[in-house]
Amino acid sequence: MGIDPGLARLGYGVIEISDGQQIMLDCGIISTNPKQEEGLRLVEISSDLRHLIRKWQPKLAAVEKFFFYRSSTTISVVQARGVVMMTLARFNIPVMEFPPMQIKLALAGSGHAQKDEVLDAVMRELNLENPPRPDDASDALAIALTAWFQR
């Protein structure tokens with residue numbers, strides 16, 4: 001399971017490896033209501049993530065490692081990431097963490113690859129005809145694939 005942390009939209013992607021082939025099982029987003037108190041939004045992320053974990057029973061999770069930048073959403077994203085890490089720990093799911101440059105390098109061959117290059121690689125590796133949407137879901141699939149490549 002790959003996870004692209006965020007407070008407003010958290011991307012997730014679930015892949016399975018069968019006979020050396022990567023297969024997408026599910027992808028999407030957990031979205032929270034910006035009108036709600038931040039604490040309630042974090043509770044919702046944990047609750048929805050627990051539901052996904054129970055449904056798919058992942059053996060490994062990969063989470064994008066947060067790199068610091070100045071933004072009004074920095075603290076919120078870090079808090080959402082903390083909730084993700086706590087929820088995964090409660091299920092004893094091992095976690096791999098990757099910074100964005102490593103994900104780009106693993107999929108597109110360059111740590112400075114553009115978003116569309118990474119998307120093309122995700123589609124090729126998972127044999128998808130249509131791009132996964134929204135971008136947060138496709139990013140989560142890229143994170144899951146990176147974990148598979150780096151295992």
Matching option when the condition is among the aliphatic types (A, V, I, L, M) and more than 14 Å from the chain's Cα centre (by Cα), among ILE23, ILE103, ILE3, ILE15: ILE23
task: Being touching a residue at least 40 places away in the same chain (Cβ under 8 Å), crowded, with 17+ Cβ neighbours inside 10 Å and farther than 19 Å from GLY6 by Cα is the filter here, so list the residues in the stretch 108-133 that pass it.
output: GLU125, LEU126
- line: Of the listed residues (SER18, SER31), the one being without any contact (Cβ under 8 Å) to a residue 40 or more places away in the chain and more than 19 Å from TRP148 (Cβ to Cβ) is SER31
message: Take the conditions among the hydroxyl-bearing types (Ser, Thr, Tyr) and farther than 15 Å from ASP135 by Cβ and apply them to SER18. Does it pass?
response: yes
task: Evaluate the stretch 65-85: report whether one residue or more is closer than 20 Å to SER138 by Cα and charged (D, E, K, R).
output: yes
- prompt: Only one of ARG81, ARG90, ARG54 is over 15 Å from ILE3 (Cβ atoms) and not hydrophobic (A, V, I, L, M, F, W, C); which?
  reply: ARG54
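FYI, it's all coordinate maths here, none of it is from the lab. None of the values given here were measured: they were computed from a predicted structure. When we count neighbours, we look across all protein chains shown, and the Cβ atoms used for this are built from the backbone with ideal geometry, even at glycine.
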